[in-house]
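Have a look at the structure below, then the notes.
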Amino acid sequence: MSYDKELAAAKKACSLAARLCQKVQKALLQSDVHAKSDKSPVTVADYGSQAVVSFVLQKELSSSPFSLVAEEDSGDLRKEDGQETLQRITKLVNETLANGGTASPLSDQDVLAAIDSGKSEGGSLGQHWVLDPIDGTKGFLRGDQYAIALGLLDEGKVVLGVLACPNLPLQSLACHDQHTIQGKAGCLFFAQVGTGTYMQSLDGSEPRKVHVSSTENPEEASFFESYEAAHSMHDLTSLIAKKLGVKAPPVRIDSQAKYGALSRGDGAIYMRFPHRGYCEKIWDHAAGSVVVTEAGGVVTDAAGKPLDFSRGRYLDLDTGIIVTNQKLMPTLLNAVQESLKEKASSL
């Protein structure tokens, strides 16, 4: 089955949402008065991104039943103290849509409705879009990496994914610290099941097919992990890296931009081990997982099982998520399981 129409709509939606986010981030970084505790810019971008994606998908695919599983709902914006923020979001959404050739101005109520269309629970029946409107909010606030991540589930399986990564360089990170990389940034990764993964610039260059690293030697396999220590147990990943004999230091990046970078071979391994009690949400991995698997990679939990996106808004998985190429996976899985046993016995 082809999802060409859905993929075209998803690419358009994510590209426009990325434009909105870039505008907010640029204003945020130029602002001298911005305090780190002020989360309003990321709030405006988050809601605005979700409204744009929801509106564009429904407009482009008007004949299909629409179901969206997304992170935000409009509860706070409907309160008295949310009115000013809502007006800012509506203005930004309308400017973004107008620049993208969609002229119908939305009212505050239209924007609230677009945001609230993301309340679906997903599941194993029918088609459901899965969206993280800004994945990597801390990266966004720092002026670093973030992603607009959109996937489509069909009968519980991810069949396409789009990652818009406005700050990811078009050239390979090549295992350097991303802060030292100069040059053009802004990548759009997209994949449809059975057709491979492609990358183009956000401003619309010719797409090129990408493939995960072909490294077979674990010692040469650089790895990605979450920038924030709160998001993943860095001590566990460093123990696993030591077992594998990995020489390069980890490359720490916010968001599903890691999946995009991995899909084009910038590194060979991505490991994520959240702290006990944390439940992974499907929007944090749906788009990224299909982008990597269609580029020839493998995405599993720590027990080696594929991720199951059919169970609603959360992933039911064992301990963590590991991503690499097919040749490295058996060695990596072995090192992960040994390290987990060692860590458990030392507690």
Evaluate the charge dipole of the range 4-210 about its Cα centre and quote only its size in Debye, nearest 20, assuming +1 on the Cβ of each Lys and Arg and -1 on the Cβ of each Asp and Glu. 620 debye
What ranking, highest mean first, results for peptides 161-167, 20-26 when packing means the other Cβ atoms within 10 Å averaged over each residue? 161-167, 20-26
Where does the charge balance sit around L160 when Lys and Arg score +1, Asp and Glu -1, over other residues with C-beta under 10 Å from its C-beta? -3
Determine the alpha carbon to alpha carbon distance for each of K242/K341; K11/K59; K247/K305; K12/K258; K184/K258; K157/K243 and list only those over 25 Å. K247/K305; K157/K243
Let's see if you can work this out: charge +1 on each Lys and Arg Cβ, -1 on each Asp and Glu Cβ, no other charges. What is the dipole magnitude of the chain about its Cα centre, in debye to the nearest 20? 560 debye
So what is the relative contact order of the chain, in percent, for Cα pairs below 8 Å that sit 6 or more residues apart? 16 percent
Would you mind calculating the relative contact order of the range 1-112 from Cα pairs under 8 angstrom and at least 6 residues apart, reporting the percent as a whole number? 31 percent
In Å², what does the accessible area per residue of the range 4-210 work out to with a 1.4 Å probe? 44 Å²
Segments 301-311, 234-244, 286-296 sorted - mean Cβ within 10 Å per residue, highest first: 286-296, 234-244, 301-311
Around N99: net Lys/Arg minus Asp/Glu count, Cβ-Cβ under 12 Å: +1
At a 1.4 Å probe radius, carbon and sulfur cover how many percent of the accessible area of the range 1-118? 49 percent
Antiparallel as a % of all DSSP beta bridges within the range 176-304, to the nearest 5? 65 percent
Ranked by how many other beta carbons lie within 10 Å on average, peptides 316-328, 104-116, 74-86 from highest: 316-328, 104-116, 74-86
For the range 180-269, which whole-number percentage of the solvent-accessible area (1.4 Å probe, protein heavy atoms only) is attributable to carbon and sulfur atoms? 51 percent
Please report, in debye to the nearest 20, how large the charge dipole of the range 1-119 is about its Cα centre when each Lys and Arg carries +1 at its beta carbon and each Asp and Glu carries -1 there. 400 debye
Most positive-pole-ward Cα, H211, V69, G143, against dipole of the chain from beta carbon charges: H211
Mean accessible area per residue over the range 218-345 (1.4 angstrom probe, all protein chains present, square angstrom) is 38 Å²
So how tilted is helix 83-99 from the main axis of the chain? Cα-based, degrees 0 to 90, rounded to 10. 90 degrees
Global geometry of the range 4-210, whether rounded, prolate or oblate, following the gyration tensor of its Cα atoms and the 1.5 cut on a/c: oblate
Is the shape of the range 218-345 best called rounded, prolate or oblate, per the rule: a/c under 1.5 gives rounded, else a/b larger than b/c gives prolate, else oblate, with a ≥ b ≥ c the square roots of the Cα gyration tensor eigenvalues? rounded
Per the helix-only calculation at 222 nm, which mean residue ellipticity applies to the chain, given -39500 (n - 2.57) for every DSSP H run of n ≥ 4 and division by its residues, nearest 500 deg cm²/dmol? -11500 deg cm²/dmol
Once normalised by the length of the range 202-270, the mean sequence separation of its alpha carbon contacts under 8 Å that are 6 or more apart gives a contact order in percent of 50 percent
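The values are calculated or read from the model by the stated rules, or taken from the named source; none is laboratory data. What you see is a predicted model; the values in this text were computed from it and never measured. Neighbour counts run over all protein chains shown; Cβ positions are idealised from the backbone, glycine included. Quick note on the areas: whole protein, heavy atoms, side chains included, nothing else; ligands and nucleic acids left out. Shrake-Rupley method; radii C 1.70, N 1.55, O 1.52, S 1.80 Å.
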